[in-house]
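Data block below; observations after.
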Amino acid sequence: MHTPDHRWLRVGCRLEMTYAVASPMILLLRPRSGLYQWVAGDTYRVLPNLPIAEYTDVYGNLCQRLLAPVGPLSIWVQSEVRVLAGAQPAPGAPFVPVEELPAETLIHLTPSRYCEADRLGPLANEITAGALPGYDQVTAISRWINQRIDYLSESDPEPVSATEMVRRGNGVCRDFAHLGIALCRSLSIPARLVVGYLERLEPMDLHAWFEAYVGGNWHTFDPTRPDLTGGRVCLGYGRDAADVAVFSQFGPPVIPSRLEVYVEPIDAPTA
C-alpha cells in the first residue's frame with residue numbers, strides 16, 4: 001500500500017487595520033488538527049492586548065471573537081503544521097447514492113447563497129458526459145473550470161456566485177470553488193468550500209478550493225491549478241464563502257491596511 005508523503009509547513013498571517021469606532025469581530029485564522037493535518041504549535045498575538053473568546057462553529061472551525069477598540073489593531077497568527085505533500089487523487093472513487101450519504105454531508109448537497117446548484121444541472125451533465133459517476137465527474141468539472149474560466153489573482157472583494165461566474169468568465173480562487181461546488185451538488189455530489197494556505201502559491205495569499213464527497217471520503221479539488229501538488233493547510237470549511245470569511249467585522253466597513261501571508265517549508269519540530 002502506498003504511504004502518502006508528508007511535509008512540515010510554517011504558515012502565518014499578519015493583519016492590520018484602524019477603527020474609528022469600537023467594532024465586534026469574528027476571526028477564522030487558527031487551523032485545527034484533523035485527519036490530513038496536525039498542528040504541532042501555534043502563536044496568536046493581538047495588539048493591543050484584548051480579551052479573546054474562542055469557540056467552534058457548526059462546521060467544526062475554530063473561531064475567535066473579540067471587540068476591536070478605537071485605533072489601530074494588529075493580529076499575527078503563525079502555525080507549524082504537518083500536512084500531505086500534495087492532495088491524493090482517487091480516480092474511480094464511486095458516486096455515493098444520496099440515501100447512503102452520512103447525515104453530516106447532506107448540508108453540503110443543497111443550494112446555498114453563492115452555489116445555486118438548482119440552476120446548473122444541464123451544464124454539469126454536459127461537462128461530465130461520459131465520465132464515471134463520482135470522482136471522475138468532479139475531475140471533469142474541475143478541469144473544465146480551469147480551462148474555460150480566467151483566473152484573476154485580484155478581483156472584486158465581494159464573493160461571486162456560481163451562475164455569475166459562468167456569465168463573467170473570470171474570478172478569483174473563491175469564485176472558482178463556488179462554481180465547482182454548485183456543479184457537483186447539481187449532480188447530487190456533496191461539496192464544500194475550503195479556505196486556507198497553499199504552498200508555492202503565486203502571488204502568496206490566503207487561498208480557497210473545494211472538496212467533494214465521493215467513495216466514502218472527502219477529496220480535494222482545486223480548479224485554479226493544473227494539478228494538486230503542494231502542501232495545503234485548512235483554516236475552515238463551509239457551504240460557501242458566507243460561512244468561512246477569515247475575518248468578519250460588525251460596524252462601519254474597514255479595509256485592512258496590511259495583509260501579509262506566508263507559507264514556508266520547515267524541518268520537523270523536535271522535542
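Coordinate-derived values only; no laboratory data. Worth saying up front: this structure is predicted, and the values here are computed from it rather than measured. Here the Cβ positions follow ideal geometry from the backbone for every residue, glycine too, while neighbour counts run over all protein chains shown.
Details
- Ordered by the count of other Cβ atoms within 10 Å of each Cβ, fewest first, 144, 209 give 144, 209.
- Peptides 251-258, 238-245 ranked from most to least packed give 238-245, 251-258, packing being the mean of other C-beta atoms within 10 angstrom over each peptide's residues.
- This model, with +1 at the C-beta of Lys and Arg and -1 at the C-beta of Asp and Glu, gives region 55-203 a dipole about its Cα centre of some 60 debye.
- Taking other C-beta atoms within 10 Å as the exposure proxy, 184, 63 rank 63, 184 from fewest upward.
- Degrees separating the helix 135-148 axis from the principal Cα axis of the chain, which is the longest one: 70 degrees
- Residues of region 190-225 with amide N under 17 Å of the 7 Å Cα→Cβ point at residue 88: 211-221
- Taking each DSSP H run with n ≥ 4 as -39500 (n - 2.57) and averaging over every residue of the chain yields -4500 deg cm²/dmol at 222 nm.
- Ratio of Rg to Rh over the chain (Cα coordinates, Kirkwood Rh, two decimals): 0.97
- Sequentially through region 214-231, phi angles give Karplus couplings (6.51, -1.76, 1.60; θ = phi - 60°) of 9, x, x, 8, 7, 10, 7, 9, 9, x, 7, 10, x, 8, 10, 6, x, x Hz, Gly and Pro residues having no value and appearing as x.
- For 204, 165, order by how many other beta-carbon atoms lie within 10 Å, fewest first: 204, 165
- For region 98-238, radius of gyration divided by Kirkwood radius, i.e. Rg to Rh on alpha-carbons: 0.93
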